[in-house]
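Undergrad: One structure follows; several queries about it will come next.
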Amino acid sequence: MATSSSSKLNKAVKQQYMSLPQGDKVQAMYIWIDGSGEGLRCKTRTLDSEPKTIEELPEWNFDGSSTYQSEGSNSDMFLIPVAMFRDPFRQDPNKLVLCEVLKYNRKPAETNLRQTCNKIMSMVENNHPWFGMEQEYTLLGTDGHPFGWPSNGFPGPQGPYYCGVGADKAYGRDVVEAHYRACLYAGVQICGTNAEVMPAQWEFQVGPCEGINMGDHLWIARFILHRVCEDFGVVVSFDPKPISGNWNGAGCHTNFSTKEMREDGGLKVIEDAIDRLSKRHQYHIRAYDPKGGLDNARRLTGRHETSSIDEFSAGVANRGASIRIPRTVGKDMKGYFEDRRPSANCDPYIVTEALVRTCLLKEEGEEPRDYTK
Amino acid sequence: MATSDSSSLSKAVKQQYMELPQGDKVQAMYVWVDGTGEGLRCKTRTLDSEPKSIEDLPEWNFDGSSTYQAEGSNSDMYLVPAAMFRDPFRKDPNKLVLCEVMKYNRNPAETNLRIRCNKVMDMVKDQHPWFGMEQEYTILGTDGHPFGWPSNGFPGPQGPYYCGVGADKAYGRDVVEAHYRACLYAGVKICGTNAEVMPAQWEFQVGPCEGIDMGDHLWAARFILHRVCEDFGVVASFDPKPIPGNWNGAGCHTNFSTKEMREDGGLKAIEESIERLGRRHRYHIRAYDPKGGLDNARRLTGRHETSNIDEFSAGVANRGASIRIPRNVGQDKKGYFEDRRPSANCDPYGVTEALIRTCLLNEEGDEPTDY
């Protein structure tokens, strides 16, 4: 079976150790995004008491030369705590601490997209931008093949698997169930799950989150998923097209609204926003995966419920469009819209930032505006 | 799978026995360093009541001819309790008791480096020397191959594993989690953990500890790690270069400071210490692994974030140097420095003693001064 050796270590033994009281000491696991812009790293430190707020968590540092982030001769990088969650693995009072990464000169690391996103979000606070992101992913065995698939072949074609039930339809539900509970415990705003079109592919949704919280909650949800899969001995992939051919890719559809869009007559504002998005397609495509569009090129083919990467389109209830307006929104004349372009391995900070820049700050052209000048 | 038969014994059965009340009797497990200078041994005795301090624990003895420490004809050696911890395996009120070993004539055993360390630490009490040691180690299966590695091959090259998460990145996290909790329970000053650059390699940090406590807490943490691995059926190796080639070695980077270094302007004292260390490289190399430098010769190559064993170097935020000054220390102009030379299987008593001798007692030359 393609599960890891680690997952076969005796959990009863582990449980005895995990039940040992820890006095006043608290374990804080610091989490950050590495130089790939997709990978997550973590390490733990002991604190002398339970932190009540993020301000109580000290800055830390790490060796960036081991995470594709710096050279060995000048490798110290800083970890700045930005969001704190309960730890569903070590449980209370222990914490998961999402961090921003700064270079040795205190400038943001290349893959620290949170800093700019945070600035942009604070410029539009009064619009109360809400996001909901639909994170698709694929479960793989340690052999790299989708979990539950025949070891040297393929399952039957897509059709019966979406929201399916049964051992011949749903592969790896335990992971999904465990992840859902872990997120709820941690305080992540997970709002749903479903099995996806390709077998061993699943989706969870996080939101509605306002502003910077969207990125924070989605990254922590991803970390929790990696960690849950590690415990089960399988691997989660956010690759946007894990299996080429007649198999669905994996996206991160992003739902977006502002206070104005949610109020009566908001549909006009939605249409206005979509119009702006239509004029800035290339800029958004560049922001919607960690390789400036190269990853999405394998996924956005115009088939398998995607739009083509080269063309912008929008429509009510249209899953083949870049932007889909849900039918209920079309009827109520208010609500939100769904940008279906972001890939599963996108960075939610830059996705949400791009939407705010184009739709609220009304930017145009290929480059984001620099508001510091 | 390369885990031991022992680990497959029924833990539910064991748990029923471990829940039996023990009245007033207390189990004290005496732990000591054997003749190799790296191996740990242990045996247990029953006490009639819970010891409240180390002084309540009686001296004991053992057969040194079975631990590479004595001849059969004159094999009794003494165990002198030195530090007491809560027992995370048998739980309260039971104890782990770290001991010094004395020969039949009450002289310290060859691998009892604690006694001399303690004397040196005593001489510099007023300077409040603090240490933090970063213990790296590799988890092996009972077949001697790193845990989680393909049985007749290698994982993908280093890059994704350091601080990694996921079944394809982190091998054996259960061991790390269990060890962390066990140390917290025991009262060992464990201050952090992380996955290391080579898969199946991990690190934990102990400190800040003042003086003799550093060696005591690190040896206790190592014992706990061996015991936790035994429960899981895997093996912890402190070998400094378990896999030759393009795979990281395992060190025990030692962070050090005095009260003076921690105060404003302390950078000057740090730089002076580093200069002294620069003139005494060979003495420290001899103290930094149990084979006088031979073990470290396989590890300190100048590659894989190590310095070269033949040259001394120092630098701010430089992981290829013998001594690294952390960047924030360079900025704050006070703090501590990191000696990256000690190997994973070093004796922390020998390491901390050497740092005191060179940096605080201002010793020079290849031999330690006999006070």
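Undergrad: Give, rounded to the nearest 20 debye, the magnitude of the charge dipole that chain B has about its Cα centre when Lys and Arg contribute +1 at Cβ and Asp and Glu contribute -1 at Cβ.
TA: Numbers: 44 positive and 54 negative charges, 111 e Å.
So the magnitude is around 540 debye.
Undergrad: Pick out, from B:Ile270, B:Ala297, B:Gly251, the residue whose Cα sits farthest towards the positive end of the charge dipole of region B:235-313, with +1 on the Cβ of Lys and Arg and -1 on the Cβ of Asp and Glu.
TA: Looking along the dipole axis, the top candidate is B:Ala297.
Undergrad: GNM, chain A, Cα, under 10 Å: largest mean-square fluctuation among A:Pro342, A:Pro208, A:Pro157?
TA: A:Pro157
Undergrad: Moving on to the next point. Would you mind working out the magnitude of the charge dipole of the protein assembly as shown relative to its Cα centre, with +1 at each Lys and Arg C-beta and -1 at each Asp and Glu C-beta, to the nearest 20 Debye?
TA: Numbers: 88 positive and 104 negative charges, 213 e Å.
Charge dipole of the protein assembly as shown: 1020 debye, to the nearest 20.
Undergrad: Give me the net charge for the shell around B:Thr138: Cβ to Cβ below 11 angstrom, other residues only, Lys and Arg +1, Asp and Glu -1. Working shown, then result.
TA: Values: positive: B:Lys241; negative: B:Glu136, B:Glu196, B:Glu203, B:Asp239.
Summing Lys/Arg as +1 and Asp/Glu as -1 gives -3.
Undergrad: Here is a further query. Applying 1/(1 + (r/R0)^6) with R0 = 51 Å to the Cβ-Cβ distance of A:Lys107 and B:Ser8, what FRET efficiency is obtained, to the nearest 0.05? Please report the intermediate quantities before stating the final value.
TA: Values: r = 53 Å, r/R0 = 1.03.
Plugging the Cβ-Cβ distance into 1/(1 + (r/R0)^6) gives 0.45.
Undergrad: Counting other Cβ atoms within 10 Å, which GluC sites (Glu not before Pro) in region A:211-292 have at most 13 and lie in a DSSP loop? Mind dumping the intermediate values first?
TA: Values: sites: A:Glu230, A:Glu260, A:Glu263, A:Glu271; in loops: A:Glu263.
For GluC sites (Glu not before Pro) across region A:211-292 that sit outside H, G, I, E and B with at most 13 neighbouring Cβ atoms in 10 Å, the list reads A:Glu263.
Undergrad: If amide H atoms are built 1.01 Å from N in the plane of the peptide, which residues on other chains or at least 5 residues away come under 5 Å of the amide H of A:Ala83?
TA: Counting only residues 5 or more places away or on other chains, the set is A:Leu98.
Undergrad: When averaged across all projection directions, what area in nm² does the alpha-carbon convex hull of region A:170-245 cover? Please list the in-between numbers first.
TA: Working: hull surface 21.3 nm².
Average projection, Cα convex hull of region A:170-245: 5.3 nm².
Undergrad: Using a Gaussian network model on chain B with a 10 Å cutoff between Cα atoms, which of B:Ala314, B:Ala109, B:Ala70 fluctuates the most?
TA: B:Ala70
Undergrad: How many angstrom lie between the C-alpha centres of region B:88-145 and region B:335-371?
TA: About 16 Å separates the Cα centre of region B:88-145 from the one of region B:335-371.
Undergrad: In whole angstrom, note down how far apart the Cα centers of region B:242-281 and region A:170-221 are.
TA: 45
Undergrad: Counting helices only, and only those DSSP H runs with n ≥ 4, report the 222 nm mean residue ellipticity of chain A as the sum of -39,500 (n - 2.57) divided by its residues, in deg cm²/dmol to the nearest 500. Mind dumping the intermediate values first?
TA: Values: 10 runs with 100 residues, N = 373.
Result for chain A: -8000 deg cm²/dmol, rounded to the nearest 500.
Undergrad: Now a separate question. Considering all projection directions equally, how large on average is the shadow of the alpha-carbon convex hull of chain B, in square nanometres? Don't jump to the answer; show the numbers that get you there.
TA: Working: hull surface 78.8 nm².
It is 19.7 nm².
Undergrad: May I pose another question? Computed over the Cα atoms, what is the radius of gyration of the protein assembly as shown divided by 2.2 N^0.38 Å, N being its residue count? Working shown, then result.
TA: Working: Rg = 28.6 Å, N = 744, 2.2 N^0.38 = 27.1 Å.
That ratio works out to 1.06.
Undergrad: Taking θ as phi - 60°, what are the ³J(HN,Hα) couplings along region B:22-30 by the Karplus curve (6.51, -1.76, 1.60), each to the nearest whole Hz, with x for Gly and Pro?
TA: 10, x, 8, 5, 10, 9, 10, 8, 7
Undergrad: Something else now. What is the count of Lys pairs in region B:185-336 whose alpha carbons sit under 17 Å apart, if the two are 8 or more places apart or on different chains?
TA: Numbers: B:Lys241/B:Lys291; B:Lys259/B:Lys268; B:Lys259/B:Lys333; B:Lys259/B:Lys334; B:Lys268/B:Lys333; B:Lys268/B:Lys334.
Final tally of qualifying lysine pairs is 6.
Undergrad: Need one number: nm distance between label points at B:Asp370 and B:Phe154, each 7 Å from Cα along Cα→Cβ, rounded to one decimal.
TA: It works out to 4.9 nm between the two label points.
Undergrad: Let me ask something additional. Kindly provide the trypsin sites (Lys or Arg not before Pro) of region B:31-85 that DSSP labels as loop, not H, G, I, E or B, and whose Cβ sees at most 15 other Cβ atoms within 10 Å.
TA: Values: sites: B:Arg41, B:Lys43, B:Arg45, B:Lys52; in loops: B:Lys52.
For trypsin sites (Lys or Arg not before Pro) across region B:31-85 that sit outside H, G, I, E and B with at most 15 neighbouring Cβ atoms in 10 Å, the list reads B:Lys52.
Undergrad: Separation between the B:Leu361 and A:Asp275 pseudo-spin-labels, each 7 Å from Cα along Cα→Cβ, expressed in nm?
TA: It works out to 8.3 nm between the two label points.
Undergrad: Add +1 for every Lys or Arg and -1 for every Asp or Glu among the other residues with Cβ under 15 Å from the Cβ of B:Thr67, and state the total. Numbers along the way, then the final one.
TA: Numbers: positive: B:Arg41, B:Lys43, B:Lys103; negative: B:Asp34, B:Glu38, B:Asp63, B:Glu71, B:Asp76, B:Glu100, B:Glu110.
Computed value for this residue: -4.
Undergrad: While we're looking at this one, here's another question. Exactly which trypsin sites (Lys or Arg not before Pro) in region A:105-155 are in a DSSP loop and have at most 13 other Cβ atoms within 10 Å? Numbers along the way, then the final one.
TA: Details: sites: A:Arg106, A:Arg114, A:Lys119; in loops: A:Arg106.
Sites meeting the loop and neighbour criteria: A:Arg106.
Undergrad: Evaluate the charge dipole of region A:192-235 about its Cα centre and quote only its size in Debye, nearest 20, assuming +1 on the Cβ of each Lys and Arg and -1 on the Cβ of each Asp and Glu.
TA: On the way: 2 positive and 6 negative charges, 11 e Å.
It works out to roughly 60 debye.
Undergrad: Still on this structure, I have one more. Quick one: among A:His304, A:His284, A:His217, which has the greatest mean-square fluctuation in a GNM of chain A with alpha-carbon springs under 10 angstrom?
TA: Highest fluctuation among the options: A:His304.
Undergrad: Work out how much length B:Lys125 to B:Leu20 would gain on full extension: take 0.36 nm times their residue separation and subtract the Cα-Cα distance, in nm to one decimal. Mind dumping the intermediate values first?
TA: Values: separation 105, 0.36 × 105 = 37.80 nm, distance 4.46 nm.
Contour length minus the Cα-Cα distance gives 33.3 nm.
Each reported figure results from applying straightforward, stated rules to the coordinates on display, with no laboratory input. Bear in mind the structure is a predicted one, so any value in this text is a computation, not a measurement. Note: ideal-geometry Cβ built from the backbone for every residue, glycine included; neighbour counts use all protein chains shown.
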